[in-house]
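Have a look at the structure below, then the notes.
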Amino acid sequence: MTKAELITAVAEHAGLKKVDAEKAVSAFITSVTAALKKGDKLSLVGFGTFSTSKRAARKGQNPQTGKKITIPAAIVPKFKPGKTLKEAVNTK
């Protein structure tokens, strides 16, 4: 699903105009990004938890040249699905 398809789905499910749904989706993305940038954790009960994790620097290898490289440390976003989401996805 693309962002445009998500906006269309939100508009249909919520009974909104596409313009309003696009604003809502964009506001959600912006809010999650801002919270993670501050180092906060965002929990949506039943859906999941967005957080950040520190990834240590490590050695790597360029697959094209075989040259050894150092991959710098980074803070990466993480998502842990909630119980309700897991159960919804696992139903057949």
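Taking the criterion of being assigned to a loop (DSSP other than H, G, I, E, B) and in contact with a helix residue (DSSP H, G or I) (Cβ under 8 Å, 6 or more places away or on another chain), the residues of the range 1-16 that qualify are M1, L16.
Any residue that is on the phi < 0 side of the Ramachandran plot, open to solvent by 50 Å² or more (accessible area, probe 1.4 Å), of a type in the set (F, W, Y) and modelled with pLDDT of 95 or more - is there at least one of those in the range 48-57? Among the residues of the range 48-57, not one is on the phi < 0 side of the Ramachandran plot, open to solvent by 50 Å² or more (accessible area, probe 1.4 Å), of a type in the set (F, W, Y) and modelled with pLDDT of 95 or more, which makes the answer no. Selection within the range 78-89: residues that are open to solvent by 100 Å² or more (accessible area, probe 1.4 Å) and assigned to a strand (DSSP E or B). The member of this set that is farthest from G39 (Cα to Cα) is K80.
Kindly indicate the residue of the range 43-77 that is polar (S, T, N, Q) and in a strand (DSSP E or B) and also nearest to A88 (Cα to Cα) among those meeting that condition. Going through the qualifying residues, I end up with T49.
Could you list all residues from the range 29-53 that are more than 21 Å from K86 (Cβ to Cβ) and either more than 16 Å from the chain's Cα centre (by Cα) or of a type outside the set (D, E, K, R) (or both)? Walk me through it before giving the result.
Of the residues in the range 29-53, the ones more than 21 Å from K86 (Cβ to Cβ) are 29-31, 33-40, 52.
Correct list: I29, T30, S31, T33, A34, A35, L36, G39, T52.
Test K92 against the criterion of being open to solvent by 90 Å² or more (accessible area, probe 1.4 Å), modelled with pLDDT of 95 or more and outside any helix (DSSP H, G or I), and give yes or no. In short, no. Taking the conditions (1) under 20 Å from A88 (Cβ atoms); (2) open to solvent by 100 Å² or more (accessible area, probe 1.4 Å) in turn, A14 satisfies each one other than (2).
Here the range 17-42 is the region considered, the condition is being open to solvent by 60 Å² or more (accessible area, probe 1.4 Å) and assigned to a loop (DSSP other than H, G, I, E, B), and the residue that is farthest from A88 (Cα to Cα) is K38.
The values are calculated or read from the model by the stated rules, or taken from the named source; none is laboratory data. It should be emphasised that the depicted structure is a prediction, and the values quoted were computed from it without experimental measurement. Every residue, glycine as well, gets a Cβ built from its backbone with ideal geometry; the counts of neighbours run over all protein chains shown. When the accessible area is computed, the model is the full protein with side chains, heavy atoms only, and any ligands, DNA or RNA have been set aside. Shrake-Rupley method; radii C 1.70, N 1.55, O 1.52, S 1.80 Å.
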